[in-house]
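What follows is one structure encoded as structure tokens, with my remarks underneath.
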Amino acid sequence: MNSRFVLRCALAAVVACAALPAGDLNDRFHLTLMRVTAGGPPRYTDALVLADVTGEPMRRFTEYSGDVSGRWVGALASVTPYVESEPQQLAPLVASILKLQKPGGYFGRAFGAAIGHDEMALLWGNGRLLIGLLEFHQRHPSPELLNSARRLGDFLVSIAPQMNSDELQQRVDQGDFAAAYICWTQQIEGLVELARVTGERRYLDLARSIAARLRRIPGQHGHGYLTSVRGLVDLYQATNEKAFLEQAIHEYSGVIDSGNLLVQGAVPEAFAPHIRRDEGCTEADWLRLSLALWRITHEAEYLRQAELTLFNEYALNQFSTGDYGSRVLAPTGISTGIDADGAGEARCWWCCTLHGLRAFHDIFDSVFRAESGDLWYDLPVDGRGKADKLAVAAESSLEANSKIRLRVTAADARPRAIHVRVPEWAASLAIEVNGDPEHGPVAAGYRTLRRAWHAGDVVELKYEPRTRAVAVPKSGRYALFHGPWLLAADSQMSPFFFDEPNPGNRLRLAVAADGSVKLEPAPGAKGRFAVPAARFLADYLPEGYPMLPQKVALRPIAEQTSAPSLSWYFLFKLEGKP
Ligand SMILES: [Zn+2]
């Protein structure tokens, strides 16, 4: 690493921190931002990113033409509002991509007349590239880029008669996983955005015809499917036709009802019956889809699902390097071993790391909500919100002391309300405004603070997290939560809990009728990505020697990001429960 490079990293760190209030979420964003702009291996050099538009087989997956390049461009363009300066590499690299477009309108390798693996893979990558380029276009509109996106859109329109075919859909779905029919249905997202910026109907018409073909099938690629469902939400927003929203909601419920949403808020890389690993991309999609449905419907269940994923699976999936990727799912949690197909954990720089970074835009965008001149604090994490002239920054230390501070950074003299959500995981929420306690009822899940705010006002929020056991359907097992965090035993702090045999280890806990449990607090070390507010000890009976009861340390799976990869055990049997 040369000195100029180090200086650029240091500068990037400063600008990212300056743009966002302090807290765990900002820290996680910064970790992945630094991975993408300066980390590795592999580093995202121009040659590595561009390899899937030049078509040169210099790295894996270049047949997914435009996949890495599109995601890289889209992710960095989308998070630009949260950093003070855009990476210098971005604009020149977009210019290089545009020069590599094929006369047929697509990018990368040749698109053959007979549709097989390589053609589907090319379509996948080109779909990611279309939306990535258009996300860059939102920040830097240019006729050249729009013309290029139009040519790609016209290519998709030209192959639609061949692609919108039952025979083809069945054939590629039977023969492939990542290069299956989802490579076609995921085009909806880019086509809707292309229709929005050009005002041209034919792209929307194509998106409609593809939407009619979207279906969830056993063993399907979760990321491809959920990206397609996100496209349905975009299509609803572009057309205002309720049928597309209903379709998206139906598909969302279908994921849950088919057993494909796991207790930690994860959707697997492959749907049942091939549930083997998680995938950062899939988790990012589920999070973004949940937030999008929440913003549209205001149904609290979508926000609850997003929060579950954000505090648990999304944190667990983030590697200490800043990468996102895949971890192996085990009958009792997460394993560092290999799955039934021989695959282990992976830092997926070719997709998840970039798609993971991209999701931060949606998360930051959902922390606060402005409505009718009021401000709503929805997600209990760090972020910024603005309603007319009222601006508020949230600084979270939830992980350390269950507190969040809202700081008013700008205000006018008009009385306005700040509505603070009281999550279902909180037994109570104590509020102080400028040091004075505020009492008031919880209405529809929110506490309302109405007054003429002044810059410098401080609202202190102190949550009282509930500790509870949740029965996991059809498993005879329980998951333990403290506040928003899923608790687990891990192979570093409690290696003996993993002694053979361990599936029959039983925790000795009294569960109250409302699910509440009492655990022995065990304050842990503070530090990056640590959650000292949610560390406990519990008694248990080891399966191999129940005559000698033991103690096990429990802590949030979110702490995985601060450690080398560990095994996590969070689907517990309880003593006295069948
Ligand atoms: Zn991925």
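Number of residues in the stretch 375-428 that are within 14 Å of Phe364 (Cα to Cα) and not small (Gly, Ala, Ser) equals 11.
At pLDDT 95 or above, under 24 Å from Gly544 (Cβ atoms) and surrounded by 14 or more Cβ atoms within 10 Å (Cβ to Cβ): is that true of Leu486 in this structure? Lay out the reasoning, then the answer.
Numbers: at pLDDT 95 or above: yes; under 24 Å from Gly544 (Cβ atoms): no; surrounded by 14 or more Cβ atoms within 10 Å (Cβ to Cβ): yes.
Spelling it out, it is not the case that Leu486 is at pLDDT 95 or above, under 24 Å from Gly544 (Cβ atoms) and surrounded by 14 or more Cβ atoms within 10 Å (Cβ to Cβ).
Note on the stretch 358-390: among residues that are aliphatic (A, V, I, L, M) and closer than 16 Å to Trp286 by Cβ, the one that is surrounded by the fewest Cβ atoms within 10 Å (Cβ to Cβ) is Ile363. Of the helices (runs of 4 or more DSSP H) lying entirely inside the stretch 66-183, the ones with 2 or more residues being within 23 Å of Arg201 (Cα to Cα) and without any contact (Cβ under 8 Å) to a residue 24 or more places away in the chain are found at 143-163. Of everything in the stretch 1-50 that is out of contact with any helix residue (DSSP H, G or I) (no Cβ under 8 Å at 6 or more places or on another chain) and basic (Lys, Arg), the residue that is modelled with the highest pLDDT is Arg43.
Take the residues in the stretch 342-371 that are within 23 Å of Leu429 (Cβ to Cβ) and of a type outside the set (Val, Ile, Thr); name whichever of them is farthest from the ligand (Cβ to nearest atom). Applying the filter and picking the extreme gives Glu371. The residues of the stretch 313-341 include none that are within 14 Å of the ligand (Cβ to nearest atom) and surrounded by fewer than 22 Cβ atoms within 10 Å (Cβ to Cβ).
When Glu135 is tested against (1) within 27 Å of Gln169 (Cβ to Cβ); (2) touching a Gly at 6+ places or on another chain (Cβ under 7 Å), only condition (1) is not met. Every listed requirement among (1) more than 17 Å from Arg304 (Cα to Cα); (2) touching a helix residue (DSSP H, G or I) at 6+ places or on another chain (Cβ under 8 Å) is met by Gly445 save one, (1). In summary, Ala400 fulfils each of the numbered conditions (1) farther than 30 Å from Ala522 by Cα; (2) surrounded by fewer than 17 Cβ atoms within 10 Å (Cβ to Cβ); (3) small (Gly, Ala, Ser) with the single exception of condition (1).
Taking every residue in the stretch 306-325 that is of a type in the set (Phe, Trp, Tyr) and at pLDDT 95 or above and pairing it with any residue that is within 15 Å of the ligand (Cβ to nearest atom) and assigned to a loop (DSSP other than H, G, I, E, B), at least 6 positions away or on another chain, the pairs with Cβ-Cβ distances below 8 Å are Tyr324/Gln318; Tyr324/Cys348.
Can you confirm whether Val511 is within 21 Å of Tyr540 (Cα to Cα), outside any strand (DSSP E or B) and among the β-branched types (Val, Ile, Thr)? Talk me through it step by step, then tell me what you get.
Numbers: within 21 Å of Tyr540 (Cα to Cα): yes; outside any strand (DSSP E or B): yes; among the β-branched types (Val, Ile, Thr): yes.
Spelling it out, Val511 is indeed within 21 Å of Tyr540 (Cα to Cα), outside any strand (DSSP E or B) and among the β-branched types (Val, Ile, Thr).
Right, Glu251: outside any loop (DSSP other than H, G, I, E, B), at pLDDT 95 or above and away from the ligand (no atom under 16 Å from the Cβ) or not? Explain how you work it out, then say what you get.
Values: outside any loop (DSSP other than H, G, I, E, B): yes; at pLDDT 95 or above: yes; away from the ligand (no atom under 16 Å from the Cβ): yes.
When the stated conditions are applied, Glu251 passes them.
Scanning the stretch 267-287 for residues that are closer than 22 Å to Gly344 by Cβ, among the aliphatic types (A, V, I, L, M) and more than 13 Å from the ligand (Cβ to nearest atom) turns up Ala272, Ile275.
Run down Arg347, Arg288 and say which single residue is under 24 Å from Glu371 (Cα atoms) and touching a helix residue (DSSP H, G or I) at 6+ places or on another chain (Cβ under 8 Å).
From the options Arg347, Arg288, the qualifying one is Arg288.
Return the residues of the stretch 413-437 that are part of a loop (DSSP other than H, G, I, E, B) and in contact with a strand residue (DSSP E or B) (Cβ under 7 Å, 6 or more places away or on another chain); say none if nothing qualifies. Residues satisfying the conditions are Ala413, Arg414, Val422, Trp425, Asn434.
Please find, within the stretch 288-312, the residue that is surrounded by the most Cβ atoms within 10 Å (Cβ to Cβ) out of those that are of a type in the set (D, E, K, R) and away from the ligand (no atom under 16 Å from the Cβ). If you could, list the steps in order and put the result at the bottom.
Of the stretch 288-312, the ones of a type in the set (D, E, K, R) are 288, 295, 299, 301, 304, 307.
So of that shortlist, the ones also away from the ligand (no atom under 16 Å from the Cβ) come out as 295, 299, 301, 304, 307.
Numbers: Arg295: 17, Glu299: 11, Glu301: 12, Arg304: 18, Glu307: 25.
This residue is Glu307.
Here is a yes/no grid of residues against (1) crowded, with 16+ Cβ neighbours inside 10 Å; (2) hydrophobic (A, V, I, L, M, F, W, C); (3) closer than 19 Å to Asp378 by Cβ:
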| position | (1), (2), (3) |
| --- | --- |
| Val420 | yes, yes, yes |
| Glu424 | no, no, yes |
| Asn434 | no, no, no |
| Gly445 | no, no, yes |
| Thr448 | yes, no, yes |
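Set side by side, the residues Ala149, Ala179, Ala160 differ, and just one is touching a helix residue (DSSP H, G or I) at 6+ places or on another chain (Cβ under 6 Å), under 23 Å from Cys348 (Cα atoms), surrounded by 15 or more Cβ atoms within 10 Å (Cβ to Cβ) and of a type in the set (Gly, Ala, Ser), which is Ala179.
Cβ-Cβ distances below 7 Å connect the following pairs, each with a first residue in the stretch 252-281 that is on the phi > 0 side of the Ramachandran plot, a second residue that is more than 16 Å from the ligand (Cβ to nearest atom) and not in a helix (DSSP H, G or I), and a separation of six or more residues or different chains: Gly259/Ala272. Listed by first and then second residue, the pairs linking a residue in the stretch 45-64 that is assigned to a loop (DSSP other than H, G, I, E, B) to a residue that is among the charged types (D, E, K, R), with Cβ atoms under 6 Å apart and 6 or more places separating them unless they lie on different chains, are Gly55/Arg109; Thr62/Asp52; Glu63/Asp118. The condition of being at pLDDT 95 or above and more than 18 Å from Leu98 (Cα to Cα) holds for only one of Ser65, Ser78, that being Ser78. Of all the numbered requirements in (1) over 29 Å from Leu487 (Cα atoms); (2) among the acidic types (Asp, Glu); (3) buried (at least 24 other Cβ atoms within 10 Å of the Cβ), Asp205 misses one, and that requirement is (3).
Quick one: in the stretch 233-255, which of the residues that are under 18 Å from Arg201 (Cβ atoms) and not polar (S, T, N, Q) is surrounded by the most Cβ atoms within 10 Å (Cβ to Cβ)? Out of the qualifying residues, it is Leu235.
For the stretch 513-557, filtered to residues that are in contact with a helix residue (DSSP H, G or I) (Cβ under 6 Å, 6 or more places away or on another chain), within 21 Å of Phe496 (Cα to Cα) and modelled with pLDDT of 95 or more, the residue that is surrounded by the fewest Cβ atoms within 10 Å (Cβ to Cβ) is Val552. The condition (being under 23 Å from Ala330 (Cβ atoms), touching a residue at least 60 places away in the same chain (Cβ under 8 Å) and not basic (Lys, Arg)) is satisfied by just one residue among Pro542, Pro503, Pro546: Pro503.
The values are calculated or read from the model by the stated rules, or taken from the named source; none is laboratory data. Being a predicted model, the structure only gives us computed values, none of them experimental. Cβ coordinates were reconstructed from backbone atoms using ideal geometry, including for glycine residues, and neighbour counts include every protein chain displayed.
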